[in-house]
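What follows is a single structure, written as structure tokens, with notes after it.
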Amino acid sequence: MAGRRAALKAIDWVAFAERVPPNQRSMFNALKTRSDAISAKLASLPESPAAIDWSYYRSAVAKPGMVDEFEKKFSALKVPEPVDTQTAKINAQETEANKSALAYIEASKARITKYEEELDKFKNMIPFDQMTIEDLNEIFPETKLDKVKYPYWPHKPIADL
Amino acid sequence: MLSRAVFLSANFLKGSAPLGAGLVHAPRSLHTSSQSLAPVPPLPEKPGKVRHGFVPEEFFQLLYPKTGVTGPYMFGTGLIIYLLSKEIYVINQETLAGISIGAIIIYAVKKFGPSVAAFADQLNEEKVAKVQEVKDLAMTNLAQAIENEKKEQWRVEGRSMLFDAKRNNVAMLLETNYRERQHMVTNEVKRRLDYQIALQHLNRRLEQEHMINWVEKSVISSITPQQEKESIAKCITDLKALAKSTQAKAVI
């Protein structure tokens, strides 16, 4: 019951929008419009309803006990708070997303190390005018001529010349 | 005979492709130790300096301190005269043939040597440029890929914002619902009370109207025909008097 004013965190939509990758932009826009609609609806409703002027009704209504009875019942009535079913699901989603995000970051880091390795290989290469054919074949294995499959010069199919 | 031709032209042509198996017996003799020095130092671009095509410059430098500039030339002249006079080298028909062929070959190499060398260089340049392009492209792609990965990691860090937004939405919906319920309750109670009041007003009005109608009807029915005639005659006389007074007023 105390969660009525459960903290509405201020969301920085601009920073959020920056982090969205382009292929998920439409989903982000849908979310934003939904959120905006909900908050607009919330803002349009006043926080508590207008108070009922009991004295006026007491003087106006002829039936003697009716107004008092209404007043008693009305103040005794407690509007039940709507039950929150979704927050648990959202939290579960969040933990799952965190897990998969960590896995993705790990994979991404592995990729980065691989790329950096290859980049270093290219950076530390000897310049081309000091290379021999053997060196070239080492660095770019695809330039190696297959002398077993094509034993006669030019060691590659004529169409590839 | 032909070996001399090969020897001459090999010295004339400028450094051909260092890439390739051509200069196999150039200073790769650095493999003197059992370990291979890697990277192997580059091959020299130009051959050793020669004068007149086949005499190394070192020979001239060797004789310079003793005999000056003309020393090697005197040596050469003396050598040729010795070979001819002692008939160690015999002049025959091959001599003339050799001289002619030599002249032609020297002329051809001097004329076309540089352009052929440039052409060979250009072929090599193209090969190198192609591979260099591949290398550059690969490097830029890798750098770009690394950038992209880093950016994606940064993006992933913002994932908590999504869930915050969702939780906010849920909270807002709950709050809205609660307020709506409150409003509904109040409005319903008001409506019921207002209904009672409206009902009361309606009753009162109906009673009033009914009473008025009833009073009117009874008054009208109580006016007898005799009274009606008397009242009409009185009205007429009143009107006449009124008309006379009005006429008098108008004349004045």
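Rule-based calculations on the coordinates, nothing more; no lab input. Predicted model, so just to flag it, every value in this text is computed and none were measured. Cβ coordinates were reconstructed from backbone atoms using ideal geometry, including for glycine residues, and neighbour counts include every protein chain displayed.
Taking every residue in A:74-87 and counting other chain Cβ atoms within 10 Å of its Cβ, the average works out to 4.
Checked against a 19 Å cut-off, the cross-linked pairs A:Lys156/B:Lys127; B:Lys49/B:Lys127; A:Lys114/A:Lys144 give Cα-Cα distances beyond that limit for B:Lys49/B:Lys127; A:Lys114/A:Lys144. For the peptides B:186-194, A:43-51, residues were scored by their other Cβ atoms within 10 Å and the scores averaged per peptide; the highest-first order is B:186-194, A:43-51. Only loop residues by DSSP count here, and only those with at most 16 other Cβ atoms within 10 Å; note down the trypsin sites (Lys or Arg not before Pro) in the stretch B:32-134 that meet that. Counting only loop positions with at most 16 other Cβ atoms within 10 Å, the trypsin sites (Lys or Arg not before Pro) in the stretch B:32-134 are B:Lys49, B:Lys86. Partner lysines whose Cα lies under 29 Å from the Cα of A:Lys78, excluding those fewer than 8 positions away in the same chain, are identified as A:Lys9, A:Lys41, A:Lys63, A:Lys89, B:Lys166, B:Lys190. Dividing the convex hull volume of the alpha-carbon atoms in chain A by its residue count gives 256 Å³ per residue. Note on B:His183, B:His201: ascending count of other Cβ atoms within 10 Å places them as B:His201, B:His183, the fewest first.
Counting Lys and Arg as +1 and Asp and Glu as -1 over every other residue whose Cβ lies under 12 Å from the Cβ of B:Glu188, the net charge comes to +4.
So which lysines can B:Lys240 reach, going by Cα to Cα under 25 Å and dropping same-chain residues fewer than 8 places off? Partners found: B:Lys229, B:Lys249.
Taking a ≥ b ≥ c as the square roots of the eigenvalues of the Cα gyration tensor, an a/c ratio of 1.5 or more together with a/b larger than b/c marks the protein assembly as shown as prolate. Among B:238-247, B:140-149, the peptide with the highest mean count of other Cβ atoms within 10 Å heads the list, and the full ranking is B:140-149, B:238-247. Residues in the stretch A:153-161 carry Karplus couplings, in order, of 3, x, 6, 8, x, 4, 5, 8, 4 Hz; the curve used is 6.51 cos²θ - 1.76 cosθ + 1.60 with θ = phi - 60°, and Gly or Pro positions show x.
In order along the stretch A:12-17, the phi-based Karplus estimate (6.51 cos²θ - 1.76 cosθ + 1.60, θ = phi - 60°) of 3J(HN,Hα) comes to 8, 5, 5, 5, 4, 4 Hz; Gly and Pro are listed as x. In terms of other Cβ atoms within 10 Å, A:His155, B:His210 run from fewest to most in the order B:His210, A:His155. The mean count of C-beta atoms from other chains within 10 Å of the C-beta of residues in A:26-35, rounded to a whole number, is 2. Peptide A:113-120 shows a mean partner chain C-beta count of 4 within 10 Å per residue C-beta.
Of the trypsin sites (Lys or Arg not before Pro) in the stretch A:67-161, the ones in a loop by DSSP (not H, G, I, E or B) with at most 14 other beta carbons within 10 Å are A:Lys78, A:Lys144, A:Lys147, A:Lys149.
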